[in-house]
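**Student:** Here it is, the structure in full.
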Amino acid sequence: MNFADFINTLNKRLSEQPLPGHDIIMQKMSPYRLKVKVEPNASTRRSAILMMFYPKGEDIFMPLILRPQYDGVHGGQMAFPGGRVELKDKDIQATALREAQEEIGIKATDVKVIKNLTELFIPPSNMFCQPVVGYMTSRPDFYPDEREVAGIFEVSISEILDPSIVQVRTVETRGVKLETPCFVIQEQVVWGATALMIAELIEILK
């Protein structure tokens, strides 16, 4: 499938079919979350990430980032570019575009937004996160912000749809070790909220 056909098909599916959501996916990809009793409260904040597709060669790609190691709940983890809502953002999609521009150096005005996926509550950071799907018609130049991005991984759709990336690994967060289903992509373990977002995307792409 060429890039134009892929985007047309994705647009149609997101417009005509209900989103899969995370409830069933969570039982498979993030069972430990079911034991977490943290609920949204007055301190809960909102954030957004960008799932951005672009063509490169004969395949279709999207970027994932590796967060630098830092003393926080998401330090050293794989993620989509994104971050917290700011007052200057006109809407949640603007948050995703602004954050992607700040973190990986793409030009936000070159991104065409298709639709939002299912918003996800992330208990460790007490935050709602809104995945926003968009695309660029050509591969962008990346200029990562070294303070927020330790590496950019260009991940192809063929990799995402490869069943062999679904594995079980032991991960550690804040000194606690967890055995969890995850995706192993380019030797990087993708788990937690990012894995749930990818899992929903896979259901849509299938």
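**Student:** What does the charge add up to near Ile204, with Lys and Arg as +1, Asp and Glu as -1, over the other residues with Cβ less than 13 Å from its Cβ?
**Tutor:** It works out to a net charge of +1.
**Student:** Moving on. Got a sec? Which residues in the range 111-132 would a label at Ser43 touch, if it sits 7 Å along Cα→Cβ and we count backbone N under 18 Å?
**Tutor:** Answer for the range 111-132: 121-129.
**Student:** While we're looking at this one, here's another question. What's the carbon and sulfur percent of the chain's accessible surface, probe 1.4 angstrom, rounded to a whole number?
**Tutor:** Working: 5270 of 10750 Å².
Using a 1.4 Å probe with all protein chains present, the chain comes out at 49 percent carbon and sulfur.
**Student:** How big is the dipole moment of the chain about its Cα centre under a simple scheme where the beta carbon of each Lys and Arg is +1, that of each Asp and Glu is -1, and everything else is neutral? Debye, nearest 20, please. Intermediate results must be reported in sequence, preceding the final value.
**Tutor:** Details: 23 positive and 27 negative charges, 115 e Å.
The dipole magnitude comes to about 560 debye.
**Student:** For the pairs Lys12/Lys88; Lys90/Lys112; Lys56/Lys112; Lys12/Lys107, note any where the Cα-Cα span goes beyond 28 Å.
**Tutor:** The answer is Lys12/Lys88.
**Student:** For the chain, what does the helix formula give at 222 nm: sum of -39500 (n - 2.57) over DSSP H segments with n ≥ 4, over the residue count, nearest 500 deg cm²/dmol?
**Tutor:** Result for the chain: -7500 deg cm²/dmol, rounded to the nearest 500.
**Student:** While we're looking at this one, here's another question. So, for the chain, what is the accessible surface per residue at a probe of 1.4 Å, expressed in square angstrom?
**Tutor:** Accessible area per residue: 52 Å².
**Student:** Heavy atoms only, 1.4 Å probe, whole protein assembly: order Tyr135, Tyr143 by accessible area, highest first.
**Tutor:** Details: Tyr135 45, Tyr143 145 Å².
Final ranking, largest accessible area leading: Tyr143, Tyr135.
**Student:** Check which residues have an amide H placed less than 5 Å from Gly76's amide H, if you skip close sequence neighbours.
**Tutor:** Placed amide hydrogens put Arg67, Gln69, Tyr70 under 5 Å from Gly76.
**Student:** What relative contact order, as a whole-number percentage, does the chain give when Cα pairs under 8 Å and 6 or more residues apart are counted?
**Tutor:** Details: 387 pairs, mean separation 55.9, N = 206.
So the answer I get is 27 percent.
**Student:** If I take the Cα coordinates of the chain and project them onto the principal axes, what are the three extents in Å, biggest first?
**Tutor:** 43, 40, 32
**Student:** Label 7 Å along Cα→Cβ of Thr173; the range 121-163 residues with amide nitrogen under 14 Å?
**Tutor:** Counting backbone N atoms under 14 Å from the label point, the list is 121-129.
The values are calculated or read from the model by the stated rules, or taken from the named source; none is laboratory data. Note that the coordinates shown come from a computational prediction; the quantities given were computed from them, not determined experimentally. Methodologically, a virtual Cβ is constructed for each residue, glycine included, from the backbone with ideal geometry; neighbour enumeration extends over all protein chains shown. Note: areas computed on protein heavy atoms with side chains; ligands, DNA, RNA excluded. Shrake-Rupley method; radii C 1.70, N 1.55, O 1.52, S 1.80 Å.
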